[in-house]
Amino acid sequence: MPTHPRPPRAHGTLFHADVTRPRGDLLLPLAMLRDRHPDLYALHAAKYAGREQRLREPVTPLGCTWSDVVFLSPVDPAVLFDAVRVSGRRVRDVRVLTLDAADLDPGRCCVRLMRVRPGAMTAEPGTDDDHLPLTTATLRAVSEVTDRALRRLRTLGPDDPVLPWGDVPHVLHRGPVPLRLFRWS
C-alpha cells in the first residue's frame with residue numbers, strides 16, 4: 001500500500017479573537033455549535049444573515065464547507081480593530097487567543113485568500129485558486145496586513161459594513177481545535 005508523505009508542520013503564530021467565551025475544551029466550527037451549543041450557534045450564525053450561502057461555500061482542499069471550519073488569522077486582530085477605531089467606529093475589546101501553527105495538522109488546514117470590494121456586505125466568493133496549503137512560507141507571505149485592508153478599515157463610513165477580516169487571509173481548520181493548544185493574550 002503506497003504511503004503519502006505527511007506535509008511538514010507550518011511554523012508561525014495564529015490568532016483567534018475570543019468574541020464569545022468557548023465552552024468545554026474545544027473551539028468548535030459553526031456546524032458543530034448547532035447541536036452542542038444552540039445559543040452560541042444562533043449568535044454566530046446571525047453574522048451571516050442575508051448571506052447564508054457563505055455557510056455552504058465549499059472549502060475544496062479540506063473536503064468540507066465554510067461552516068465546518070474554525071477560523072484563525074495569520075495577523076493580530078488588534079491591528080485590524082485599531083484601524084476600525086481610526087474610522088470613528090466603536091470596537092469592543094476582545095481577548096485574543098494565539099497558537100503555534102506547528103500544533104495543527106497541515107492536512108486539516110488551508111489558507112484562504114480573501115478580497116472585499118468597498119461597500120460590499122461580504123467578501124467575494126472564493127475559487128480553488130484562493131486556497132493555499134498551510135506552510136511556513138505561506139504564513140510568512142500572509143502575516144502582514146495589507147495597506148489596502150488598513151485603508152478600507154480606516155475610512156469606513158457610518159453605514160459601511162465593518163468586515164475586519166475581509167481583506168485578510170484566513171487559516172481554516174477542518175473540525176474542532178483543542179483549547180489546550182491556545183495561549184490567552
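The values are calculated or read from the model by the stated rules, or taken from the named source; none is laboratory data. Model, not experiment: these values are computed from the prediction. Please note: Cβ atoms are built from the backbone with ideal geometry, for glycine as well, and neighbour counts cover all protein chains shown.
So here's what we get for this one:
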{"read-out": "Residue list for the stretch 27-54, restricted to those being under 16 Å from the mean Cα position of the chain (by Cα) and either farther than 12 Å from Ser67 by Cβ or in a loop (DSSP other than H, G, I, E, B) (or both)", "value": "Leu27, Leu28, Pro29"}
{"read-out": "Which numbered condition Arg115 fails, given (1) surrounded by fewer than 19 Cβ atoms within 10 Å (Cβ to Cβ); (2) over 14 Å from the mean Cα position of the chain (by Cα)", "value": "(2)"}
{"read-out": "Residues of the stretch 140-185 satisfying the condition of being in contact with a Phe, Trp or Tyr (Cβ under 9 Å, 6 or more places away or on another chain) and under 25 Å from Asp68 (Cβ atoms)", "value": "Pro164, Trp165, His170, Val171, Leu172, His173"}
{"read-out": "Cβ-Cβ under 6 Å pairs, at least 6 apart or on other chains, the stretch 103-125 side at pLDDT below 80, far side among the basic types (Lys, Arg)", "value": "Thr122/Arg51"}
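Listed here are the residues, each with its yes/no results for (1) under 24 Å from Ser143 (Cα atoms); (2) surrounded by fewer than 14 Cβ atoms within 10 Å (Cβ to Cβ); (3) out of contact with any helix residue (DSSP H, G or I) (no Cβ under 7 Å at 6 or more places or on another chain).
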residue: Pro7; (1), (2), (3): yes, yes, no
residue: Asp25; (1), (2), (3): no, yes, no
residue: His37; (1), (2), (3): no, no, yes
residue: Ser67; (1), (2), (3): yes, no, no
residue: Pro77; (1), (2), (3): yes, no, yes
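Quick grid of which residues meet (1) surrounded by 12 or more Cβ atoms within 10 Å (Cβ to Cβ); (2) in a helix (DSSP H, G or I); (3) not charged (D, E, K, R):
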| position | (1), (2), (3) |
| --- | --- |
| Glu124 | yes, no, no |
| Thr138 | yes, yes, yes |
| Arg151 | yes, yes, no |
| Leu163 | yes, no, yes |
| Asp167 | yes, no, no |
